[in-house]
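What follows is calculated from the coordinates using simple rules that are stated; it is not laboratory data. Bear in mind that the values here come from a model prediction, so they are computed numbers and not experimental data. Neighbour counts run over all protein chains shown; Cβ positions are idealised from the backbone, glycine included.
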Amino acid sequence: MSRPHNAGSVIHDIGYQRYQGVRFGRRYSARSMYVHSLRTAYGFGRSARAKLLPCGIFALACIAALVLVVVSTQLPEPVLSYVGIVAIFSYGATAFVAVVAPELVSRDLRNSLLPLYFSRPPQRSDYALAKLAALATAVFALFAGPLLIMFVGLAFSGTSGLSGMLEQSGLLLAGIVTAVIHAIVLAAVALPLASLSGRRVFATGIIIAFFLIAAPVSGVLREIGPGALADLAGLLDTVSLLNGVDRWLFDEGLVRVGSYGPVYGLAAAVLAAAGTALLTLRYRKVKI
Amino acid sequence: MNLTITRITARALLGRKRALLLLPMPALLIGLTLLANGTGVPAADWGPIVLGEMGITVILPLTALIVGSSVLGLEIEDGTITHILAKPLPRREIVLSKLFVAWGVTTLAAAAPLAVAGAIAGGPGLALGLLGGATLGALAYSAVFLAFSLLSRRPVAIGLIYIMLWENLLVRFASGAKVLSVQRYTTATADTISPSELLNATLPGVVAAALAVAVIAAGTMLATMRLRSFALTGETS
């Protein structure tokens, strides 16, 4: 209520002091929601139980990366590239978003907190976008930890000195780009699905069913389809789709895309945009 | 077993619109089997993916996870569990009734469609094998996830980690993990009842069945013990 009162509009004034301080605006609120959601995603500021799952998955990813680095330093060639590690960990990241996305949105729906948010300066779309950005950042952090471990392990163990480090930095950059793409698409798929249900049980179930069921469907089409259909089958499954984008951009990844690389890139962009649009639409229509 | 609790649980589970959420997965399984069967590509190419990777690895555990953790989990979350706990019933009976409903619904929604898909892909023998294996698997999964729903506030998240990271990832790299994988029990039992090249069993059937029975017993006992000393708390964290 940042509008000044005029004397005639007061219904009943029992003489309390008014708030005279600075009012932070919409952007400040949106940033606060983002920071708070990001902390919620990893359970910071909450009980140890809430930290267990997200931080546990993060720790598992880091341990796996450490093992890969140790194995790689013993071999002439690294077992996995930076892009490859993101591609492999995307499967684990789907479990992560299925656990975290309901924490971000379903609890607010279930506990009827939305009226409190929506009666303040930030608009409904700000809420949706702040949550989406927070989830994407959380997923990116899940990829960034292992990437950093791998970089430290490979760049400082090499014998080629500075030139080796520069080369590793260039490769790391490709890994980071991949991680950003994967994080945005996974978050944009998971969050609209999570916002459908106020119960975390069902929200998690919907997300994971969406991710898990698509993989064998695309696998079967790959088996039975003729050439073009087999190359395009990966589009049905989000993780295969992302791996197809890796194949297109960096020529490494787990799926065969034939000459349809740009189609995969376009599909990923459309998926991210559609997810964001559906999420904002959902919060425009949501009953509070 | 208590008939009233069974009836109430079944109604809470199936009497709402959300019961329709159970339909798409079996429909997709049977639809995909029909589609693949219609193309004339030999079943050896797509059978393991449809029946193994989709049916046994995804649809069966996922259905059991949703159903098994909601039969008791939703009542705990809503606080209506107090009404049941306040009745002069042995806790064992409550757990067994809930488990029975979860098993029945999972069998209907996942094991039966799997058998139908098996019949299309490989004939009645395979269908019988899959029905037997998946029915046993449904009971084992239900017992495990029912126990999870009493051990934790987030049973679905933990069950999901078990399915995705233990059964699907760890078993692939550390084959010793298969001893505690319900998915492996299901496959092995199905393969023992009706040996088929569409199933890749890695455990001997007798061992798998014995382990499954042990898991079912352990899950049920754990759930009963937890329910005996159950403390009601609000949704914190």
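On a 28 Å Cα-Cα criterion, which of the cross-link pairs A:Lys51/A:Lys131; A:Lys51/B:Lys87; A:Lys131/A:Lys287; A:Lys131/A:Lys285; A:Lys287/B:Lys17; A:Lys285/B:Lys17 come out too long?
From A:Lys51/A:Lys131; A:Lys51/B:Lys87; A:Lys131/A:Lys287; A:Lys131/A:Lys285; A:Lys287/B:Lys17; A:Lys285/B:Lys17, over 28 Å: A:Lys51/B:Lys87.
Please compute the modelled spin-label separation between B:Arg11 and A:Ser157, points set 7 Å along Cα→Cβ, answer in nm with one decimal.
That separation, rounded to one decimal, is 6.3 nm.
Across 20 Å bins from the origin, how do the percents of Cα pairs in the protein assembly as shown run, short distances first?
It works out to 20, 51, 24, 4, 0, in whole percents.
Choose one answer from B:Ala36, B:Ala208, B:Ala117: the residue with the largest mean-square fluctuation in a GNM of chain B with alpha-carbon springs under 10 Å.
B:Ala36
I need the phi-derived Karplus couplings for region A:108-116: 6.51 cos²θ - 1.76 cosθ + 1.60, θ = phi - 60°, integer Hz, Gly and Pro marked x.
Values, residue by residue: 5, 5, 5, 8, 6, 8, 4, x, 5 Hz.
Take every Cα-Cα pair in region B:3-228 and report what % of them are more than 30 Å apart. Walk me through the intermediate numbers first.
On the way: 5888 of 25425 pairs.
When all Cα pairs of region B:3-228 are counted, 23 percent exceed 30 Å.
List the residues, sorted by chain then number, that are 5 or more residues from A:Val286 or on another chain and whose placed amide H is less than 5 Å from its amide H.
none
Mind giving me the FRET efficiency for A:Gln17 and B:Ser229? R0 is 60 Å, r the Cβ-Cβ distance, nearest 0.05 is fine.
With R0 = 60 Å, the Cβ-Cβ based efficiency is 0.70.
For B:Lys178, which aspartates and glutamates qualify as cross-link partners when the Cα separation must be under 18 Å and same-chain residues fewer than eight apart are set aside?
Leaving aside aspartates and glutamates fewer than 8 places away in the same chain, those within reach of B:Lys178 are B:Glu53, B:Glu167, B:Asp191.
Looking at chain B, identify the longest residue range that excludes and avoids all GluC sites (Glu not before Pro) in DSSP loops having at most 15 other Cβ atoms within 10 Å. Intermediate values should be presented prior to the final figure.
Working: sites that count: B:Glu197, B:Glu235.
The longest uninterrupted stretch comes out as B:1-196.
Per-residue HN-Hα couplings for region A:211-225, Karplus 6.51 cos²θ - 1.76 cosθ + 1.60 at θ = phi - 60°, whole Hz, x for Gly and Pro?
Coupling constants for region A:211-225: 6, 6, 6, 6, 4, x, 4, 5, x, 5, 4, 5, 6, 8, x Hz.
Taking the number of other C-beta atoms within 10 Å as the exposure measure, put B:Ser69, A:Ser112 in order starting with the fewest.
Details: B:Ser69 30, A:Ser112 10.
So the residues, fewest neighbours to most, are A:Ser112, B:Ser69.
Using r as the Cβ-Cβ distance of B:Thr4 and A:Leu116, and R0 as 41 Å, what FRET efficiency do you calculate, to the nearest 0.05?
0.50
Ranked by Cβ crowding within 10 angstrom, fewest neighbours first, how are A:Tyr264, B:Tyr185, A:Tyr283 ordered?
Working: A:Tyr264 26, B:Tyr185 29, A:Tyr283 23.
Result, fewest neighbours first: A:Tyr283, A:Tyr264, B:Tyr185.
Among A:His36, A:Val70, A:Leu53, whose Cα sits farthest toward the positive end of the charge dipole of region A:1-100 (+1 at Cβ of Lys/Arg, -1 at Cβ of Asp/Glu, about the Cα centre)?
Sorting the options by dipole projection puts first A:His36.
Can you give the mean number of other chain Cβ atoms that lie within 10 Å of the Cβ atoms in peptide B:157-166?
Per residue, the average neighbour count from other chains is 6.
What per residue convex hull volume, in Å³, comes out for region A:163-288 when only alpha-carbon positions are used?
Cα convex hull per residue, to the nearest whole number: 129 Å³.
Go through B:Gly15, B:Ala117, B:Leu89 and say which Cα lies farthest out towards the positive end of the charge dipole of region B:3-228; charges sit on Cβ, +1 for Lys and Arg, -1 for Asp and Glu.
B:Leu89
A:Glu252 versus A:Arg27, label points 7 Å from Cα toward the beta carbon: distance in nm?
4.0
Going Cα to Cα from B:Lys98, which aspartates and glutamates come in below 14 Å? Please leave out same-chain ones fewer than 8 positions away.
By straight Cα distance, B:Lys98 reaches B:Glu75.
Give me the dipole magnitude in Debye, nearest 20, for the protein assembly as shown about the Cα centre, with unit charges on the beta carbon: positive for Lys and Arg, negative for Asp and Glu.
For this selection, approximately 2560 debye.
Taking the Cα centre of chain A as origin and charging only Cβ (+1 Lys, Arg; -1 Asp, Glu), how large is the dipole, in debye to the nearest 20?
Here chain A has a charge dipole of around 1820 debye.
Using only alpha carbon pairs under 8 Å that are at least six residues apart, calculate the relative contact order of region A:25-285 and give it in whole percent.
Rounded, it is 23 percent for region A:25-285.
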